[in-house]
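What follows is a set of notes on a single structure, which appears directly below.
Derivation of every value follows stated rules applied to the coordinates shown; laboratory data play no part. Because the structure is predicted, anything quoted here is derived from the model rather than measured. All Cβ positions, even for glycine, are placed from backbone atoms using ideal geometry, and neighbour counts span all protein chains on display.
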Amino acid sequence: MKDTFKHQGMRQKLVDTLIKKGIKDENVLNAIGKIPRHLFMDSGFIDHAYQDKAFPIAADQTISQPYTVAFQSELLEIKSGDKVLEIGTGSGYQTAVLLELGAKVYSIERQQELFKKTSKFLPKIGYRPKKMIFGDGYKGMPEEAPFDSIIVTAGAPFVPNPLLGQLKIDGRLVIPVGDNVQTMTLFIRKGPKEFEQHEFGEFRFVPLLEDKN
Ligand code: SAH
């Protein structure tokens, strides 16, 4: 599969749409302008790759809407070299955005099929996370903690305590919290037990899976 001028043109239009919707972070916009999103989707949906919409991937999951990816990425305020934990690797598109922002990425996926597919695919197109595991995001990745930031890309019925505990001081957790509809929530760690909390409106995600064997 190729990245053509046509794809690049469609991508620029998508970036313009995100600017109109309020995304300001230049680094995030540049990353979205650069990453060939069509390669992260099943071939049947390729014509839709540069619409600002979520789409089905394998295992009943979705590749997040570009606006949502941009919004969450902006809230993380990533600096080059930051250590970032991602819960819900999915297609790997958000992972690629984090890598373009200069983060060292650690990512967890709960669906074996997606984990296998995406951990092979990302390096093939030049994206190399530090670590990708098949595991349970509710637990975080204690062996690699603490992190500068943590992003959850599925709807969490509650905020998992291990994730708050794996943040550095001043570290940021961006997590959509809720059952059917989620409130985008940012936690900033101010001390061992102090967290600032900010809320940013409603989004819809597939659920963060609990107790899956
Ligand atoms: N960022 C991804 C979003 C995929 S949707 C993308 O844009 O492609 C959310 C992902 O979270 C799915 O792949 C789902 O399998 C995964 N997920 C759900 N529950 C999880 C859990 N407990 N731990 C890790 N990943 C989980």
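The table below lists the values:
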item	result
Charge dipole (debye, nearest 20) of the range 5-203; +1 at Cβ of Lys and Arg, -1 at Cβ of Asp and Glu	640 debye
Mean Cα-pair separation over length for the chain, i.e. relative contact order, pairs under 8 Å, 6 or more apart, %	14 percent
Order of 151, 63 - criterion: other Cβ atoms within 10 Å of each residue's Cβ, fewest first	63, 151
Residue order, fewest to most surrounding Cβ atoms within 10 angstrom, among 73, 80, 119	80, 119, 73
Spatially proximal aspartates and glutamates relative to residue 20 (Cα-Cα < 17 Å; intrachain offsets below 8 disregarded)	52, 74
Three semi-axes of the equivalent ellipsoid, the range 112-179, Cα gyration tensor, whole Å, largest first	23, 16, 11
Extension reserve of the residue 43-residue 121 stretch, reckoned as 0.36 nm per residue once the Cα distance is removed	26.7 nm
Semi-axis lengths (Å, descending) of the ellipsoid that matches the C-alpha gyration tensor of the range 5-203	25, 19, 16
Distance (nanometres) between label positions extended 7 Å along Cα→Cβ at residue 209 and residue 193	3.6 nm
Nearest-ten-degree value, helix 66-76 long axis tilted from longest Cα axis of the chain	40 degrees
Hz values of 3J(HN,Hα) by residue in the range 19-25 - Karplus curve (6.51, -1.76, 1.60), Gly and Pro given as x	5, 4, 7, x, 6, 10, 4
Lysines whose Cα lies under 30 Å from that of residue 117, excluding same-chain neighbours fewer than 8 positions away	2, 6, 13, 34, 53, 79, 83, 104, 130, 131, 139, 212
Farthest positive-ward along the chain dipole, Cα basis, beta-carbon charges - from 177, 59, 152	59
Proxy reagent accessibility, fewest Cβ within 10 Å first, across 4, 89, 17, 185	4, 17, 185, 89
Pairwise label distance in nanometres, residue 139 with residue 19, each label 7 Å out on the Cα-Cβ vector	4.5 nm
